[in-house]
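Below: the structure, in structure tokens.
The values are calculated or read from the model by the stated rules, or taken from the named source; none is laboratory data. Note that the coordinates shown come from a computational prediction; the quantities given were computed from them, not determined experimentally. In this analysis, Cβ positions are derived from the backbone assuming ideal geometry, glycine residues included, and neighbour counts consider all displayed protein chains. For the accessible areas, the whole protein counts, side chains as well, though only heavy atoms, and no ligand, DNA or RNA atoms are used. Shrake-Rupley method; radii C 1.70, N 1.55, O 1.52, S 1.80 Å.
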Amino acid sequence: QVQLVESGGGLVQAGGSLRLSCAASGSIFSINVMAWYRQAPGNQRELVAAITSGGNTNYADSVKGRFTIFSVNSKNSVYLQMNSLKPEDTAVYYCSANLKTGRWHVPSDYWGQGTQVTVSA
């Protein structure tokens with residue numbers, strides 16, 4: 001059993017900052033990638049940022065230069081520092097992890113329950 005628990009969402013004014021946290025726990029052998037996705041009402045879920053176990057990162061064009069993803073491998077945790085927030089960043093943010101629960105297992109994707117981020121104009 002694997003659980004991803006997010007925290008750190010909330011209401012912030014445009015131009016403000018928030019930091020999201022996500023901790024993975026349970027039967028984890030190794031983590032390949034951890035990522036943040038978001039979904040606004042009426043929109044599809046989209047990738048915001050991802051980080052590999054080796055520290056390589058990838059960002060959506062809409063957040064480059066404003067958001068930073070970083071992880072603490074020893075704690076199976078990933079964070080999303082969000083600066084210069086805009087109203088269009090309003091969405092439910094989901095943490096995701098691609099991981100193995102055993103040495104010979106196929107990697108699978110796991111998701112958190114989501115945390116609401118609301119940016120007021």
- Item | Enumeration of residues in the range 100-118 that are more than 17 Å from the chain's Cα centre (by Cα) and not in a loop (DSSP other than H, G, I, E, B) | K100
- Restricted to the range 1-15, and to residues that are of a type outside the set (G, A, S) and part of a strand (DSSP E or B), which residue is nearest to the chain's Cα centre (by Cα)? E6
- Item | Which listed residue is in contact with a strand residue (DSSP E or B) (Cβ under 7 Å, 6 or more places away or on another chain), among the small types (G, A, S) and at pLDDT below 95, from S71, S77, S17 | S71
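Within the range 71-94, can one find any residue that is surrounded by fewer than 12 Cβ atoms within 10 Å (Cβ to Cβ) and hydroxyl-bearing (S, T, Y)?
yes
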- Of all strands (runs of 3 or more DSSP E) completely enclosed by the range 17-99, which ones contain at least 1 residues that are within 20 Å of Q113 (Cβ to Cβ) and touching a residue at least 12 places away in the same chain (Cβ under 8 Å)? 18-26, 30-39, 46-52, 67-72, 77-82
- Query: In the range 30-64, what count of residues is obtained for those that are open to solvent by 20 Å² or more (accessible area, probe 1.4 Å) and basic (K, R)?
  - Reply: 2
